[in-house]
1. In the list Trp37, Trp33, which residue meets the criterion of being aromatic (Phe, Trp, Tyr) and in contact with a strand residue (DSSP E or B) (Cβ under 8 Å, 6 or more places away or on another chain)?
2. I'd like to verify a number: residues in the stretch 47-67 that are at pLDDT 95 or above, in a loop (DSSP other than H, G, I, E, B) and not β-branched (Val, Ile, Thr), how many?
3. Can you tell me which residue within the stretch 29-56, out of those that are touching a residue at least 24 places away in the same chain (Cβ under 8 Å) and not aromatic (Phe, Trp, Tyr), is farthest from Arg138 (Cα to Cα)?
4. Working only within the stretch 97-109, note down all residues that are of a type outside the set (A, V, I, L, M, F, W, C), surrounded by 13 or more Cβ atoms within 10 Å (Cβ to Cβ) and at pLDDT below 95.
5. Pick from the stretch 1-43 the residues that are of a type in the set (Val, Ile, Thr), closer than 25 Å to Gly101 by Cβ and in a loop (DSSP other than H, G, I, E, B): which of them is farthest from the chain's Cα centre (by Cα)?
6. Test of understanding: among Thr112, Thr90, Thr152, which residue is at pLDDT 95 or above, of a type in the set (Val, Ile, Thr) and over 22 Å from Ala35 (Cα atoms)?
Amino acid sequence: MSGAQVRLSGQLAVAMPPAEAFRLFTPRGEEEWVAGWLPRFPVPTDDDSEPGTVFETDAHGERTTWVVLGRERGRHVSYARVTPGSRAGTVRVAVGAGHGGGSAVRVTYELTALSPAGERELREFADGYPAFLASWERDIAARFGPEATSRTT
């Protein structure tokens, strides 16, 4: 980490084909396995991963506004995210073919602090990033069964 910006990337494996695994990383798909994840859409949408879609989440006492920047179904989705007064940046999830018909999922966060409190949040997030991705793996396994994930480096 350098100053008030971070670029963090890591990978996990999901024992589902890419088309199935991809949906787990869309706003509504994350509801299936992320405790407390409840995206709110200011405008009704049938396709929550359509570029330009806006949604908000509340987690850890913070409201974050998200915008879908881009998507190729079954392959990748990217988001802009802003937590006012704290941090802003992008998140990209790329889903590719993995071993045994499963998926290799790469998750990349690029974030900038907007305040001293945001700098502290970034440091904590960066220090805990490997554990953060490991928690995704545990949560997916808890929801879909232990055969649904296996860790890769």
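The values are calculated or read from the model by the stated rules, or taken from the named source; none is laboratory data. It should be emphasised that the depicted structure is a prediction, and the values quoted were computed from it without experimental measurement. Methodologically, a virtual Cβ is constructed for each residue, glycine included, from the backbone with ideal geometry; neighbour enumeration extends over all protein chains shown.
1. Trp37
2. 6
3. Taking the candidates together, the pick is Thr53.
4. Gly98, Gly102, Ser103 - these are the residues of the stretch 97-109 that are of a type outside the set (A, V, I, L, M, F, W, C), surrounded by 13 or more Cβ atoms within 10 Å (Cβ to Cβ) and at pLDDT below 95.
5. Val34
6. Result: Thr112 is the single residue among Thr112, Thr90, Thr152 that is at pLDDT 95 or above, of a type in the set (Val, Ile, Thr) and over 22 Å from Ala35 (Cα atoms).
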